[in-house]
Structures are given as C-alpha cells and as structure tokens.
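Just so it is clear, none of the values below were taken in a lab; they were calculated from the coordinates. Remember, it's a predicted structure, so these values are computed and weren't measured experimentally.
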C-alpha cells in the first residue's frame with residue numbers, strides 16, 4: 001500500500017491567471033480556493049486526499065502568515081512539493097515567520113516548475129502589491145511575484161521588488177492539507 005507523509009503540500013495551477021484573482025469567488029481567499037480546487041485533480045499532487053485547499057496568495061483579510069490561525073493549517077508538519085519532496089521542516093520555516101530561513105530546496109527542485117507565480121506578499125507572508133486586492137487586471141497596478149527558482153527566504157518576492165503588471169499572466173500556487181480542526185466552508 002502506498003502512503004503519503006502527513007504534511008502541507010504545495011502544488012501549482014496549470015492555468016496562468018491575470019492579477020484579478022478575486023474574480024472567481026466572493027473574496028480573494030474564496031476565489032483562490034475555487035481556482036485551486038478546480039485544478040487539484042489535474043496537478044501532480046500525490047496527496048489527493050487532503051481536504052483543505054487554499055491559494056498561496058496573501059490577502060488583506062487573510063495574509064499567508066495567518067493561514068495557521070485562519071484555516072487551521074498545521075504548523076508542526078513538513079511542507080512538501082506536489083510529489084512529496086520536502087521544502088521546509090514546518091510552516092513557520094516555510095514562511096520565514098519568526099526568522100528568515102531558506103527553503104530546503106527551491107520550488108523548481110521540488111517539482112513545481114520554473115515559472116514565477118502570483119504571491120501578493122513580502123517575505124514574511126504579509127500582503128503587498130496585490131493588484132488592488134485581486135480585482136485589477138490592468139497594466140496600471142502591480143502584484144508581487146514569487147520565484148520558483150530560489151531557496152532564499154525572500155522567495156515570495158525576491159529582493160522585495162519582484163512585481164508584475166496585473167495584466168500579465170502567472171501561475172497560482174496552492175496549499176493542500178488536513179486541518180487541525182474544521183476550517184471555514186466555501187462561501
């Protein structure tokens with residue numbers, strides 16, 4: 001019998017999206033969840049049984065650094081790429097919440113491809129440059145872009161100035177995990 005280790009899994013969308021990520025649901029967060037749920041079966045994710053799926057995008061109401069409290073994301077388990085290659089020992093290290101910590105390997109090395117992705121965040125996971133809260137797909141606004149090719153702790157926004165015009169297309173990374181307790185249902 002094949003088993004997958006308990007942890008938080010990160011996978012990528014195949015589709016690329018403009019910066020108006022909030023166009024797919026009632027909020028940026030639920031829109032991201034809809035995007036990730038829609039692409040989960042088509043991803044290379046080995047753990048298709050993890051029930052909670054959220055976009056790895058920092059919103060004003062739920063920054064990435066608050067995923068553990070907002071979505072009951074477990075912080076005491078490793079963070080893996082889609083095929084089970086470990087990215088970090090735990091969520092706090094993955095997000096560099098307390099101190100900057102490099103990833104164990106880059107997203108590209110963990111099977112997530114080499115293309116950049118929307119993060120709407122700075123190094124700690126706090127929201128930054130988010131295409132007007134995910135409603136703008138014009139060239140007049142910008143969104144923070146993460147890099148799949150670095151292990152540095154600033155992978156969410158390399159150098160603090162990795163921005164893309166909101167009318168450009170980028171992937172969305174998704175989280176998949178079993179919550180510590182029941183999280184909010186999709187609205």
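Annotations for the structure displayed:
- Options (i) 1.09; (ii) 0.93; (iii) 1.45 - which one matches Rg/Rh (Cα atoms, Kirkwood Rh) as calculated here: (ii)
- GNM on the chain, alpha-carbon springs under 10 angstrom: the most fluctuating residue among 36, 50, 174 is 50.
- The helix-based estimate of mean residue ellipticity at 222 nm for the chain, built from -39,500 (n - 2.57) per DSSP H run of four or more residues and divided by its residue count, is -3500 deg cm²/dmol to the nearest 500.
- Segment residue 40-residue 76, extension gain: residue separation times 0.36 nm, minus the distance between their alpha carbons: 10.6 nm
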